[in-house]
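The values are calculated or read from the model by the stated rules, or taken from the named source; none is laboratory data. A quick note: this is a predicted structure, and the numbers were derived from the prediction, not measured. Ideal geometry is used to build each Cβ from the backbone, glycine not excepted, and the neighbour counts take in all protein chains shown. Surface areas here come from the heavy atoms of the whole protein model, side chains and all, with no ligands, DNA or RNA. Shrake-Rupley method; radii C 1.70, N 1.55, O 1.52, S 1.80 Å.
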Protein chains: 6
Amino acid sequence: MTAALIPGSFDPFHNGHLAVTRTAAALFDRVIVGVGHNPAKPSGLFTPEERREMVEASVAGFENVQVAVFTGLVTTAATDLGVDCLVKGVRGASDLDAELVQANTNAVTGQARTVLIPAVGSAALVASRYLREIGTRGGDISGLVPEPVWSAMQRKTGALGQ
Amino acid sequence: MTAALIPGSFDPFHNGHLAVTRTAAALFDRVIVGVGHNPAKPSGLFTPEERREMVEASVAGFENVQVAVFTGLVTTAATDLGVDCLVKGVRGASDLDAELVQANTNAVTGQARTVLIPAVGSAALVASRYLREIGTRGGDISGLVPEPVWSAMQRKTGALGQ
Amino acid sequence: MTAALIPGSFDPFHNGHLAVTRTAAALFDRVIVGVGHNPAKPSGLFTPEERREMVEASVAGFENVQVAVFTGLVTTAATDLGVDCLVKGVRGASDLDAELVQANTNAVTGQARTVLIPAVGSAALVASRYLREIGTRGGDISGLVPEPVWSAMQRKTGALGQ
Amino acid sequence: MTAALIPGSFDPFHNGHLAVTRTAAALFDRVIVGVGHNPAKPSGLFTPEERREMVEASVAGFENVQVAVFTGLVTTAATDLGVDCLVKGVRGASDLDAELVQANTNAVTGQARTVLIPAVGSAALVASRYLREIGTRGGDISGLVPEPVWSAMQRKTGALGQ
Amino acid sequence: MTAALIPGSFDPFHNGHLAVTRTAAALFDRVIVGVGHNPAKPSGLFTPEERREMVEASVAGFENVQVAVFTGLVTTAATDLGVDCLVKGVRGASDLDAELVQANTNAVTGQARTVLIPAVGSAALVASRYLREIGTRGGDISGLVPEPVWSAMQRKTGALGQ
Amino acid sequence: MTAALIPGSFDPFHNGHLAVTRTAAALFDRVIVGVGHNPAKPSGLFTPEERREMVEASVAGFENVQVAVFTGLVTTAATDLGVDCLVKGVRGASDLDAELVQANTNAVTGQARTVLIPAVGSAALVASRYLREIGTRGGDISGLVPEPVWSAMQRKTGALGQ
């Protein structure tokens, strides 16, 4: 029984996240997509609860995948959730640099192992911050996010008066 | 007839931007340097209008280069301006990572093709954010920016009382 | 009238090369795919003539694209062919590092400008050396190369007794 | 039941490989360290059989880790061995670039998923080619390889008359 | 007599900074760790004075190392302090990209030479911003920072009511 | 008294090497440019002795710089020559990756510290392997190498009948 945590902000969850989740679901017994947020900071475009709902709707087809919201350190969440490893997607050198420092820090301060899933296919080269920019300005991101996220983005930007 | 858009903040325009413009002007029939800004955010060190003026003065020697100010998405601006491609400079791995994600996103959401101009020569390894830091603290950046930008920087920092 | 040279070994030509050619064909008036070879070295998996034929069959749909074989320096070929720029695909940090050094060297020793096309989509993250390994061992690379290359690979490996 | 293949030349196996094996052994039910070799090429510093022995002695403490020698494509070996994923270590941007191209190629040509283990700790920033250089010239690499490899290296270089 | 300046925010100083300082102290006659701060911005987790004290306590064992607080440009500080070079640690491609642009900018605008110390060993792959996140949330960072920093962090987070 | 070794093949020595030497000469009391070669391998375009002569002529203006030829390990040469550190130039992510692995390996197997000099200015983005290709095919590399190297290249290619 091996359990994995995919931590992130998921503001919003996109097809790259979905590809990482698909790989993790195929390799590990139990997978938790962990929506992290910091109560001391603004909640972002979507609230943590909205993000949780979007992720849940997007991963509904995977039997061994759950969604959780967490605050605080990823390593603390990993311990609390009883997982064996963190799973992160990696798109290029900048992502890798950040992951190497985090993985080394986690190795010294906690017990969380890290495994990286390389971004392959056009679905994987995508970033939440560009999706927020494009989506909130009325751009069509339906080819880059799961359907529930696209619906939520349309409701959100409608609510924002755009 | 091929038209290219060089999008950026240009806060300020520097010799690296000028080198990209020179290459684009030699290769494409029409080149537009697009000064992007987001009305919802602070305008930066220079206002969009000041930036437009600085770029215009800096590229005055190129017959086929125009300057425009745009808000909103780069891909929308590309469509509105009728250009065939986006042109961006690239200095290293971090730049490339960002461009790969943006080019892929644009390929899925719009029709804008991207071409990258590699930074060569000492003029090209420069970044606006360091120039703002140095310029506003009274440093001499005259070797890294076109003359009109250096003049504008001196007026700006004089106005700031430095 | 702007002309571009896409230099390479093309041993074999693949979908990433095809994507670069498609972008160049859309942006420049005349595009030459230049199959480079060094007579002093072994010819590779395919002979230069076989490679020229494969590329020609693969780019037959582009009206403004020609194919040429050249020996010697890329910059000399660029001058001889009368092109305005070199066009190269770029997949990640390693590619970029090599291109930055070559572009700078060319800028000092010759007049060839370089423009880079970022690899986007699953078709673009591919490399000839892996295709040779896979193809010569009987693997199916039909999803990564144009049809004429796949046919040539099957004939070649049949001829090699695999 | 999830099985993973760690493919490589392992000429020689080093502490970075051992760290990847340790992580894989903790996360997957069954792990195979696959010593690849190409009969058409020179066998390297150690023969495939010597390498298999060294790896076996180095991973003897892991109950769920086996060692196999394979020729041909990694993806064919993965299918033959019935594994669910390939596991590779990644030290920096150059490693990642190679892995992204290979993972994408494998995704198109076969079914092998790839997961990457980030190199952390001083044990992980090591490369077989430097170890061969140092070891064959009489340098002390005992801090960078498992004990059985260090013994084999001393026998090998003794046999080479160094 | 060669003097070197190690500039940084050091919010907080960590084992990677200490490793850079150790190398610099071994190679240069005089080393100054320069705690930079911008009076126009919030002071960070630790005040400049707290940071100066932490660094001083951490480098007390090096006879030729001093600590200074500076505001304004690094190159101005370098001139004022009479140093011959700037010394920076470098962990990966992202760090290097930033250093190449800064080194080139400094080469054009001032006289400060830059030398980079590669991060080796597990002590070096660490970043202040993760330490602040972990430390302020009660995580144990004692393995990644000098003892005086760990004490200060405990006092700080105690004072913050955590 | 601090001594530094700049190790390399220098086949040929170029302006990037010269820039590294200039920085090292300004910072260290004694600098040795070490021309490494492996007697078991072909000597390259220039013999080790030719390379030594070219480097000596190129660095004649630096009072504290000497040239030496060495075989075997760089770390052994460093010990034999009594230097305190190795000095290497670094142009981008690929260079850095190689240097991080070598520096870590050296830290574990020997006592050699490594410092890296970032490549700045157009003189620094150059590589010996492209210079050999261009120079031996009659290209003009005079803008990328010191004058004594350009003379030697002309004699060499004249001798080669080109």
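Report, by residue number, each residue of the stretch D:27-37 that is assigned to a loop (DSSP other than H, G, I, E, B) and among the charged types (D, E, K, R).
Applying the first criterion (assigned to a loop (DSSP other than H, G, I, E, B)) to the stretch D:27-37 yields D:28-29, D:37.
Scanning the stretch D:27-37 gives a single hit, D:Asp29.
Please list, ordered by first then second residue, the pairs with beta carbon atoms under 6 Å, 6 or more apart or interchain, first in the stretch F:28-40 and without any contact (Cβ under 8 Å) to a residue 12 or more places away in the chain, second surrounded by fewer than 22 Cβ atoms within 10 Å (Cβ to Cβ) and of a type in the set (Asp, Glu).
Pairs found: none.
Looking only at the stretch C:111-128, count how many residues are among the hydroxyl-bearing types (Ser, Thr, Tyr) and under 18 Å from C:Ala78 (Cβ atoms). Lay out the reasoning, then the answer.
First, pick out the residues of the stretch C:111-128 that are among the hydroxyl-bearing types (Ser, Thr, Tyr): C:114, C:122, C:128.
Within this subset, residues satisfying the condition of being under 18 Å from C:Ala78 (Cβ atoms) are C:114.
Residues in the stretch C:111-128 being among the hydroxyl-bearing types (Ser, Thr, Tyr) and under 18 Å from C:Ala78 (Cβ atoms): 1 in total.
Among the residues of the stretch C:1-18, write down those that are open to solvent by 20 Å² or more (accessible area, probe 1.4 Å) and at pLDDT 95 or above. Spell out the reasoning first.
From the stretch C:1-18, those open to solvent by 20 Å² or more (accessible area, probe 1.4 Å) are C:1, C:8-9, C:15, C:17-18; that's our starting set.
Answer for the stretch C:1-18, where residues must be open to solvent by 20 Å² or more (accessible area, probe 1.4 Å) and at pLDDT 95 or above: C:Gly8, C:Ser9, C:Asn15, C:His17, C:Leu18.
Run C:His17 past the list (1) touching a Gly at 6+ places or on another chain (Cβ under 7 Å); (2) assigned to a loop (DSSP other than H, G, I, E, B) and report the number of the one that doesn't hold.
Just one mismatch for C:His17, condition (2).
Okay, residues lined up against (1) of a type outside the set (Gly, Ala, Ser); (2) farther than 23 Å from A:Asn38 by Cα; (3) touching a strand residue (DSSP E or B) at 6+ places or on another chain (Cβ under 7 Å):
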residue	(1), (2), (3)
A:Ala77	no, no, yes
A:Arg91	yes, yes, no
A:Ile117	yes, yes, yes
A:Lys156	yes, no, no
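When residues of the stretch C:63-78 are filtered for being more than 14 Å from chain F (Cβ to nearest Cβ) and either more than 20 Å from C:Glu147 (Cβ to Cβ) or open to solvent by 40 Å² or more (accessible area, probe 1.4 Å) (or both), how many remain? Explain how you work it out, then say what you get.
Initially, the stretch C:63-78 is screened for residues more than 14 Å from chain F (Cβ to nearest Cβ), giving C:63-69.
When the remaining residues are screened for being either more than 20 Å from C:Glu147 (Cβ to Cβ) or open to solvent by 40 Å² or more (accessible area, probe 1.4 Å) (or both), the result is C:63-64, C:66, C:68-69.
Looking only at that region, the number is 5.
Need the failing condition index for B:Val55 against (1) open to solvent by less than 10 Å² (accessible area, probe 1.4 Å); (2) touching a Lys or Arg at 6+ places or on another chain (Cβ under 9 Å), just the number.
So the condition that B:Val55 fails would be (2).
Return the only residue of C:Gln102, C:Gln66 being within 13 Å of the chain's Cα centre (by Cα) and of a type in the set (S, T, N, Q). So that I can check it myself, show each step before the final result.
Values: C:Gln102 fails: within 13 Å of the chain's Cα centre (by Cα).
After applying the criteria, what remains is C:Gln66.
Is at least one residue of the stretch A:76-83 free of Cβ contacts under 8 Å to residues at least 40 places away in the same chain and touching a helix residue (DSSP H, G or I) at 6+ places or on another chain (Cβ under 6 Å)?
Step one: of the stretch A:76-83, the residues free of Cβ contacts under 8 Å to residues at least 40 places away in the same chain are A:76, A:79-80.
Now drop any that are not touching a helix residue (DSSP H, G or I) at 6+ places or on another chain (Cβ under 6 Å), which leaves none.
Checked against the condition, which is being free of Cβ contacts under 8 Å to residues at least 40 places away in the same chain and touching a helix residue (DSSP H, G or I) at 6+ places or on another chain (Cβ under 6 Å), the stretch A:76-83 yields no hits at all.
Determine which single condition E:Asp84 fails, assuming it passes every other condition in (1) within 29 Å of D:Val90 (Cβ to Cβ); (2) within 14 Å of chain F (Cβ to nearest Cβ); (3) not small (Gly, Ala, Ser).
(1)
Out of all the residues in the stretch D:62-75, is one or more within 24 Å of A:Phe28 (Cα to Cα) and touching a Pro at 6+ places or on another chain (Cβ under 8 Å)?
Our first condition is that a residue be within 24 Å of A:Phe28 (Cα to Cα); within the stretch D:62-75, this holds for D:62-68, D:74-75.
After this cut, where a residue has to be touching a Pro at 6+ places or on another chain (Cβ under 8 Å) as well, the list is D:74.
Within the stretch D:62-75 (the criterion being within 24 Å of A:Phe28 (Cα to Cα) and touching a Pro at 6+ places or on another chain (Cβ under 8 Å)), the answer is yes, since at least one residue qualifies.
Report the residue count in the stretch E:117-149 for those that are farther than 29 Å from D:Gly92 by Cβ and in a helix (DSSP H, G or I).
Residues that pass the stated criteria total 3.
Listed here are the residues, each with its yes/no results for (1) under 19 Å from D:Leu73 (Cβ atoms); (2) among the acidic types (Asp, Glu).
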{"site": "C:Leu73", "(1), (2)": "no, no"}
{"site": "C:Thr79", "(1), (2)": "no, no"}
{"site": "C:Cys85", "(1), (2)": "no, no"}
{"site": "C:Gly89", "(1), (2)": "no, no"}
{"site": "C:Asp97", "(1), (2)": "no, yes"}
{"site": "C:Thr109", "(1), (2)": "no, no"}
{"site": "C:Tyr130", "(1), (2)": "yes, no"}
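So which residues in the stretch A:125-139 are surrounded by 20 or more Cβ atoms within 10 Å (Cβ to Cβ) and without any contact (Cβ under 8 Å) to a residue 60 or more places away in the chain, if there are any at all? Explain how you work it out, then say what you get.
Within the stretch A:125-139, the subset surrounded by 20 or more Cβ atoms within 10 Å (Cβ to Cβ) is A:125-126, A:128, A:130-131, A:134-135, A:139.
Hits for the stretch A:125-139 are A:Tyr130, A:Ile134, A:Gly139.
Checking the conditions here, which among B:Ser122, B:Ser142 is out of contact with any Asp or Glu (no Cβ under 8 Å at 6 or more places or on another chain), more than 8 Å from every other protein chain (Cβ to nearest Cβ) and open to solvent by 30 Å² or more (accessible area, probe 1.4 Å)? Walk me through it before giving the result.
On the way: B:Ser122 fails: more than 8 Å from every other protein chain (Cβ to nearest Cβ).
On inspection, the qualifying residue turns out to be B:Ser142.
Looking at the stretch C:27-37, which of the residues that are more than 9 Å from every other protein chain (Cβ to nearest Cβ) and open to solvent by 20 Å² or more (accessible area, probe 1.4 Å) is modelled with the highest pLDDT? Working first, answer last.
Step one: filter the stretch C:27-37 for residues more than 9 Å from every other protein chain (Cβ to nearest Cβ), giving C:30-37.
The next check asks that each one be open to solvent by 20 Å² or more (accessible area, probe 1.4 Å); those that pass are C:30, C:37.
Numbers: C:Arg30: 98, C:His37: 92.
Looking at the filtered set, the residue picked out is C:Arg30.
Restricted to the stretch C:88-119, and to residues that are facing chain B (nearest Cβ under 7 Å) and out of contact with any helix residue (DSSP H, G or I) (no Cβ under 8 Å at 6 or more places or on another chain), which residue is most open to solvent (accessible area, probe 1.4 Å)?
C:Ala107
Mind checking whether some residue in the stretch C:94-102 is part of a loop (DSSP other than H, G, I, E, B), within 27 Å of B:Val31 (Cβ to Cβ) and modelled with pLDDT of 95 or more? Don't jump to the end; show me each part of the working.
First, the residues of the stretch C:94-102 that are part of a loop (DSSP other than H, G, I, E, B): none.
Taking every residue of the stretch C:94-102 in turn, none turns out to be part of a loop (DSSP other than H, G, I, E, B), within 27 Å of B:Val31 (Cβ to Cβ) and modelled with pLDDT of 95 or more.
Going through D:Ala60, D:Ala40, D:Ala24 one at a time, which residue ends up being farther than 25 Å from C:Gly139 by Cα and either in a strand (DSSP E or B) or open to solvent by 10 Å² or more (accessible area, probe 1.4 Å) (or both)? Full working, then the answer.
Details: D:Ala40 fails: farther than 25 Å from C:Gly139 by Cα; D:Ala24 fails: either in a strand (DSSP E or B) or open to solvent by 10 Å² or more (accessible area, probe 1.4 Å) (or both).
Being farther than 25 Å from C:Gly139 by Cα and either in a strand (DSSP E or B) or open to solvent by 10 Å² or more (accessible area, probe 1.4 Å) (or both) holds for just one of D:Ala60, D:Ala40, D:Ala24, which is D:Ala60.
Take the residues of the stretch E:145-162 that are in contact (Cβ under 8 Å) with a residue 24 or more places away in the chain and of a type in the set (A, V, I, L, M): which is most open to solvent (accessible area, probe 1.4 Å)?
Among those residues, the one meeting the criterion is E:Leu160.
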